[in-house]
Amino acid sequence: MNILVLDVGTSSMRGILFSGDGVELLSKQCTYKPDYMAGGFVEQDPCDWEWAMYEILRTVSNEAKKQSVQIDAISLTSQRSSMIPVDKGVRPLCRAIMWQDKRTAGICERLERENERIVRLCGARVNPVFSGVKMAWIREERPDIYEKTYKFLVVPDYLIYLLTGNLCTDYTYGSRSLLMNIRTCEWDEELLGLFGVEKDKLCSLLEPGSICGHLTKQIADKTGCLQGIPVITAGGDQQCGAVGQGVVREGVLSVTAGTGGFLLAAADKVPKDLKGDVTCNHSAIKNQYILESSVLTCSSAFDWFRRNFYENYTYEELNKIIEKVPAGANSVLCVPYFQGHAAPDWNSQARGVFSNITLHTKKEDLLRALLEGICYEIANGLDVLKSYVEVQEVWVNGGLAGSEAFNMIQCDVYGMELARRGKTDATARGALMVALCACGICETVADAFEVVGRQGEVSRYHPNPEHVKQYQECRVKMNELYRSVYGKER
């Protein structure tokens with residue numbers, strides 16, 4: 001059985017056709033980008049995703065036919081909290097409000113006093129990233145759009161509708177809304193009341209790994225794919241990335257260094273002592289949860305630095321430059337909150353800061369300090385997750401994990417052995433594993449991991465004790481710098 005995985009990222013969409021045992025047969029990638037505007041607004045035209053999806057389906061389908069290969073199912077994983085209001089014809093009423101958007105900061109500040117109740121019900125503090133506050137903003141600031149809204153969709157909901165004609169969402173996306181009860185996996189009346197969102201404007205909830213519908217004749221004719229093949233919701237991209245890294249049981253943790261940085265650890269149940277210092281989401285695996293901490297800017301900050309200071313350099317050249325700068329970046333420190341600060345305080349006003357710059361400082365020092373700062377913040381999140389679950393293994397993934405220099409910085413900052421499996425496509429492989437269970441090929445996701453996880457070599461990184469000690473001191477200094485600038489505890 002061959003499964004086409006659609007992986008909908010922030011800066012691109014990838015389509016990878018896998019065989020049932022995880023061998024990559026064909027692939028196609030389409031790039032796009034959100035619009036970053038004044039006031040923290042970040043938007044994107046839903047047509048970007050529609051175009052990319054059809055282009056991928058056409059290209060992969062045509063190439064598959066040339067090679068006498070069949071596409072038997074489509075599995076979709078996506079960025080999680082970007083929100084699209086649609087009318088009764090399921091036509092977008094405005095551009096999507098992206099997950100990085102900060103326009104809801106005022107609403108979040110107003111609801112902070114309700115955080116204890118919100119965390120207890122949905123597993124997360126109120127924050128600008130999640131989709132529920134974006135819906136509340138539409139209701140308050142664009143009542144004309146709110147009245148016309150038939151459903152509020154996240155990106156995968158919209159794409160699944162285009163493929164199947166069905167409207168639904170799964171628990172992984174529901175748990176990124178602040179509107180779903182994390183224990184019952186149902187829309188919660190108390191939370192809906194707090195955010196002022198009507199239940200009938202939300203899609204029905206399904207378990208991740210569900211077949212949402214089947215490819216319509218219209219889309220089959222448009223793309224060349226077979227009519228009637230199943231379309232599976234594999235769950236959010238970070239949840240699938242964790243599965244692809246082997247986070248299928250407690251004790252394993254995944255660090256994904258993509259546009260943002262995400263740390264995810266598996267939990268068999270919602271912790272009783274759950275606080276707002278970590279987010280509890282539903283896993284891509286049935287009856288399992290994910291404890292998550294995040295850094296809002298990761299490779300996006302690196303790309304910003306490269307565009308402005310190393311525009312004509314390849315990533316290989318940059319890796320060599322980073323390796324030549326000593327650990328500690330010649331005393332330069334970076335607070336890496338270019339798009340605000342996530343848990344535990346969700347400070348949307350936080351910004352990036354470089355410190356200890358002298359007349360001897362070079363731009364390569366700033367570059368290494370930026371990467372070290374990102375790792376310090378990830379290490380802060382790792383400490384929080386360790387307070388809930390025992391962490392025995394750490395696997396790294398994502399665009400920046402393609403850099404050996406960055407992986408060694410991670411290893412030394414965390415003070416733990418790290419591993420990276422094969423290519424940096426854990427998200428797509430996780431979506432494949434979930435789909436293999438949905439199609440009855442494997443009984444459990446853990447079984448699917450044993451099959452698919454064999455693909456690709458494993459690279460392991462061992463910490464340098466001298467660097468570990470140095471980075472521990474630097475991390476303390478970075479956290480003190482954040483506290484002194486913003487008057488908030490890390």
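The values are calculated or read from the model by the stated rules, or taken from the named source; none is laboratory data. Just so it is clear, the structure is predicted and the values come from calculations on it, not from any experiment. Note that each Cβ is placed from the backbone with ideal geometry, even for glycine, and that neighbours are counted across all protein chains shown.
Taken over the range 263-288, residues that are touching a helix residue (DSSP H, G or I) at 6+ places or on another chain (Cβ under 8 Å) and free of Cβ contacts under 8 Å to residues at least 60 places away in the same chain amount to 1.
Is the range 393-408 home to any residue that is surrounded by 21 or more Cβ atoms within 10 Å (Cβ to Cβ) and over 23 Å from the mean Cα position of the chain (by Cα)? There is no residue in the range 393-408 that is surrounded by 21 or more Cβ atoms within 10 Å (Cβ to Cβ) and over 23 Å from the mean Cα position of the chain (by Cα).
Apart from one condition, Arg103 fits all of (1) of a type in the set (Lys, Arg); (2) under 23 Å from the mean Cα position of the chain (by Cα); (3) more than 30 Å from Leu194 (Cβ to Cβ); the exception is (3).
Applying the criterion of being more than 19 Å from Asp7 (Cα to Cα) and not aliphatic (A, V, I, L, M) to the residues of the range 176-186, the residue that is surrounded by the most Cβ atoms within 10 Å (Cβ to Cβ) is Ser177. Here the condition is being farther than 26 Å from Glu141 by Cβ, over 18 Å from the mean Cα position of the chain (by Cα) and not aliphatic (A, V, I, L, M); of Phe41, Phe18, it holds for Phe18 alone. Looking across Asn330, Asn308, one residue alone is surrounded by fewer than 20 Cβ atoms within 10 Å (Cβ to Cβ), under 21 Å from Lys33 (Cα atoms) and either within 13 Å of the chain's Cα centre (by Cα) or at pLDDT 95 or above (or both). It is Asn308.
Only residues that are in contact with a Pro (Cβ under 8 Å, 6 or more places away or on another chain), closer than 20 Å to Gly40 by Cβ and either of a type in the set (S, T, N, Q) or part of a helix (DSSP H, G or I) (or both) were counted across the range 331-373, and they come to 1. Note on the range 1-111: enclosed strands (runs of 3 or more DSSP E) holding 1 or more residues that are basic (Lys, Arg) and closer than 24 Å to Gly244 by Cα are 12-18, 24-31. Filtering the range 128-139 to residues that are crowded, with 24+ Cβ neighbours inside 10 Å and over 15 Å from Phe41 (Cα atoms) leaves only Gly132. In the range 311-323, the residue that is modelled with the lowest pLDDT out of those that are more than 30 Å from Asn347 (Cα to Cα) and of a type in the set (Val, Ile, Thr) is Thr314. Across the range 191-198, not a single residue is classified as in contact (Cβ under 8 Å) with a residue 40 or more places away in the chain and either within 21 Å of the chain's Cα centre (by Cα) or under 20 Å from Val434 (Cα atoms) (or both). Of the residues in the range 446-465, none is of a type in the set (Asp, Glu), more than 22 Å from the chain's Cα centre (by Cα) and modelled with pLDDT of 95 or more.
Among the numbered conditions (1) modelled with pLDDT under 90; (2) surrounded by 15 or more Cβ atoms within 10 Å (Cβ to Cβ); (3) in a loop (DSSP other than H, G, I, E, B), the only one that Lys272 does not meet is (2). Cβ-Cβ distance below 6 Å, separation of 6 or more or different chains: which pairs start in the range 237-260 with a residue that is polar (S, T, N, Q) and end on one that is in a helix (DSSP H, G or I)? Partner pairs satisfying both residue conditions: Gln239/Thr172; Gln245/Ala426; Ser254/Ala242; Thr256/Gly241; Thr259/Ser299; Thr259/Ser300. Only residues that are crowded, with 21+ Cβ neighbours inside 10 Å and part of a loop (DSSP other than H, G, I, E, B) were counted in the range 275-285, giving 4. Within the set Ser61, Ser82, the sole residue that is closer than 18 Å to Lys134 by Cα and either hydroxyl-bearing (Ser, Thr, Tyr) or surrounded by fewer than 22 Cβ atoms within 10 Å (Cβ to Cβ) (or both) turns out to be Ser82. Among the residues of the range 100-108, are any at pLDDT 95 or above, of a type outside the set (D, E, K, R) and buried (at least 23 other Cβ atoms within 10 Å of the Cβ)? Yes, the conditions are met somewhere in the range 100-108. Test Asn347 against the criterion of being under 24 Å from Thr104 (Cβ atoms) and in contact with a helix residue (DSSP H, G or I) (Cβ under 7 Å, 6 or more places away or on another chain), and give yes or no. Yes.
Considering the range 140-172, the residues that are among the aromatic types (Phe, Trp, Tyr) and assigned to a helix (DSSP H, G or I) include one that is surrounded by the fewest Cβ atoms within 10 Å (Cβ to Cβ), namely Tyr161.
Counting only residues that are part of a loop (DSSP other than H, G, I, E, B) and surrounded by 24 or more Cβ atoms within 10 Å (Cβ to Cβ), the range 409-424 holds 0 of them.
Taking the criterion of being over 16 Å from the mean Cα position of the chain (by Cα), small (Gly, Ala, Ser) and within 19 Å of Gly123 (Cα to Cα), the residues of the range 245-281 that qualify are Ala267, Gly276.
Name the single residue that is farthest from Ser75 (Cα to Cα) among those in the range 200-231 being crowded, with 20+ Cβ neighbours inside 10 Å and in contact with a His (Cβ under 9 Å, 6 or more places away or on another chain). Top of the filtered list is Pro208. Thr184 fulfils the conditions (1) closer than 29 Å to Phe449 by Cβ; (2) free of Cβ contacts under 8 Å to residues at least 24 places away in the same chain; (3) touching a helix residue (DSSP H, G or I) at 6+ places or on another chain (Cβ under 8 Å) except for a single criterion, (3).
The set of residues from the range 30-53 being surrounded by 16 or more Cβ atoms within 10 Å (Cβ to Cβ), farther than 23 Å from Pro128 by Cβ and not small (Gly, Ala, Ser) comprises Cys30, Met53.
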